[in-house]
Amino acid sequence: MDFDFSFFLVLATLVTGLVWGGYLVFLKYSTDVSAPAQEPILVEYARSFFPIVLIVLLLRSFLVEPFRIPSGSMMPTLLIGDFILVNKFTYGIRLPVLNTKIVELNEPLRGDIVVFRYPKEPSVDYIKRVVGLPGDRVAYYDKKIYINGKPAKQVSSGLYQGVGEGESMTGTERFIENLAGVEHSILIKNGAPSVEGVFVVPEGHYFVMGDNRDNSNDSRYWGTVPEQNLVGRAFFIWMSWDWQNKGIGFDRIGTVLK
């Protein structure tokens, strides 16, 4: 059990619900005619906050959850300071805090951008792109991905010009990569060392990589992501704030991720 924001939302919902509900039960069965006409301040707060925290809990646990991108590992698809929405039900419905799946729905597809709990530190959320599915044989050599012996097509689209906090990536080469029909941009820094090898994806696990291939801590370094660690699929940028340029990236707001 992770004592994260979901835990405190559940706790707040329980406490406010019990306080308000308990007071209503007390009033119903109370025979004390001198009971105060005005609610105690604690009950008043509980009555006010209970529906709010309940709605937030339901939305965040079962529909969508907002995240902020803190690093450049998914550049150029996601920039530092992007605020995204994550679909929480596309891979199945899970109970908050316990993370137990109660409804089976879809499975991740190759090319999906997923948020997951980092296997080595589950209290930390990571975001990467699904490259390998259960049973796949993924190879990474000479900056190229091979899925079950077949290379993922890469087409150069010139040098990348970074902006704001991602300006350090200026000069890296930008490619359009095709993963089973999913085309997306990646960055490759020629000459930069990277882990190479063949990785077999176990059943119930996924092999993930960042689009910024030479600046991403991903499955090449620490292994695969268990299915139970999946949080959801990133699908939309609703805000982008570049702290270095101190401005809103209006051109990125409303971007549908793929």
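Values quoted throughout were computed directly from the atomic coordinates according to the rules given, and no laboratory measurement underlies them. Just so we're clear, the structure is a prediction, and the values are computed from it rather than from any experiment. We place every Cβ from the backbone using ideal geometry, glycine too, and count neighbours over all the protein chains shown.
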Nearest 10, in degrees from 0 to 90: the angle of helix 41-62 to the longest Cα principal axis of the chain is 30
Can you pull the semi-axes for the stretch 5-62, root of five times each eigenvalue of the Cα gyration tensor, sorted largest first, whole Å? 28, 10, 8
The answer for chymotrypsin sites (Phe, Trp or Tyr not before Pro) in the stretch 156-258 that fall in a DSSP coil and have at most 10 neighbouring Cβ atoms within 10 Å is 243, 250
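Would you tally the net charge around residue 245, using a Cβ to Cβ cut-off of less than 10 Å, leaving residue 245 out, and scoring K and R as +1, D and E as -1?
Net of charged neighbours comes to -2.
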Cβ-based charge dipole, the chain, positive-most Cα from 187, 123, 95: 187
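Using the structure shown, select from 120/153; 88/120; 128/246; 189/246; 88/144; 120/246 the pairs with a Cα to Cα distance greater than 29 angstrom.
Violating the 29 Å Cα-Cα cut-off are 120/153; 88/144; 120/246.
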Virtual spin-label span in nm between residue 118 and residue 178, 7 Å along Cα→Cβ: 3.5
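Counting other Cβ atoms within 10 Å, keep those with at most 10, restrict to DSSP loop, and tell me which chymotrypsin sites (Phe, Trp or Tyr not before Pro) in the stretch 70-127 are left.
Sparse-neighbourhood loop chymotrypsin sites (Phe, Trp or Tyr not before Pro): none present.
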Around residue 70, under 14 Å between beta carbons, what's the net of Lys plus Arg minus Asp minus Glu among the other residues? -2
Can you give the longest run of the chain that contains no GluC sites (Glu not before Pro) sitting in a DSSP loop with at most 15 other Cβ atoms inside 10 Å? 1-103
Identified option (computed percent of Cα pairs over 31 Å apart; candidates (i) 40; (ii) 20; (iii) 37): (iii)
